[in-house]
Amino acid sequence: MVEPKTCHMKSMVEMSRCWEADDLLRNLEDELQRLEQGMEHMIWDNESKPVTMCPCLLPMSPRFEISETEGEFSVKVHLPDVREEDIDVNIEKGSVEVFARHQEKAFRPFLLSIDAPVALDPETLRLESHDDVLIIRVRKVKKHRVKVK
């Protein structure tokens with residue numbers, strides 16, 4: 001009989017191209033919530049054993065880094081093995097959302113939704129892509145001060 005191979009969370013993270021330990025800890029709550037939602041979509045038999053899985057894979061959070069300058073908000077998103085044409089970016093005044101899917105259906109898609117600390121101008125969206133990293137740059141909306149006399 002072949003013994004099942006055990007794999008600890010730490011070694012899975014170290015082997016992963018998608019995660020680093022800090023990212024995993026930061027996003028652990030979101031991932032657990034997605035797992036719980038996925039479990040709700042399973043069909044169970046009378047003995048509380050899963051019969052079928054949800055036909056579509058629930059998205060996971062990609063690694064990302066946020067940076068700001070006085071006039072610009074930018075997000076660097078790590079999307080390994082995802083083609084540019086498989087990435088959707090949506091910018092609204094106060095948020096940035098990225099949805100990306102792999103060509104192969106066996107991989108979970110990526111979903112990232114970030115609330116920006118300031119209002120953003122969606123018309124100024126610029127995207128760059130280099131080595132599995134998508135860089136999103138958006139100008140901040142300038143605040144106008146009105147003098148009251």
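So here's what we get for this one:
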quantity: Residue ranges of strands (runs of 3 or more DSSP E) in segment 89-147 with at least 3 members of a type in the set (A, V, I, L, M), under 17 Å from the mean Cα position of the chain (by Cα) and surrounded by 15 or more Cβ atoms within 10 Å (Cβ to Cβ); calculated: 95-100, 110-115, 133-139
quantity: Residue within segment 86-99 that is within 26 Å of Asp30 (Cα to Cα) and free of Cβ contacts under 8 Å to residues at least 12 places away in the same chain present; calculated: yes
quantity: Sole residue being closer than 27 Å to Gln33 by Cβ and out of contact with any Cys (no Cβ under 9 Å at 6 or more places or on another chain), chosen from Arg83, Arg137, Arg63, Arg108; calculated: Arg108
quantity: Ile43 surrounded by 11 or more Cβ atoms within 10 Å (Cβ to Cβ) and either at pLDDT below 65 or not aromatic (Phe, Trp, Tyr) (or both); calculated: no
quantity: Meets criteria (modelled with pLDDT of 90 or more and touching a helix residue (DSSP H, G or I) at 6+ places or on another chain (Cβ under 9 Å)) for Glu123; calculated: no
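The values are calculated or read from the model by the stated rules, or taken from the named source; none is laboratory data. The shown structure was predicted, so the numbers you read here are calculated from the model rather than taken from an experiment. Cβ: placed from backbone, ideal geometry, glycine included. Neighbour counts: every protein chain shown.
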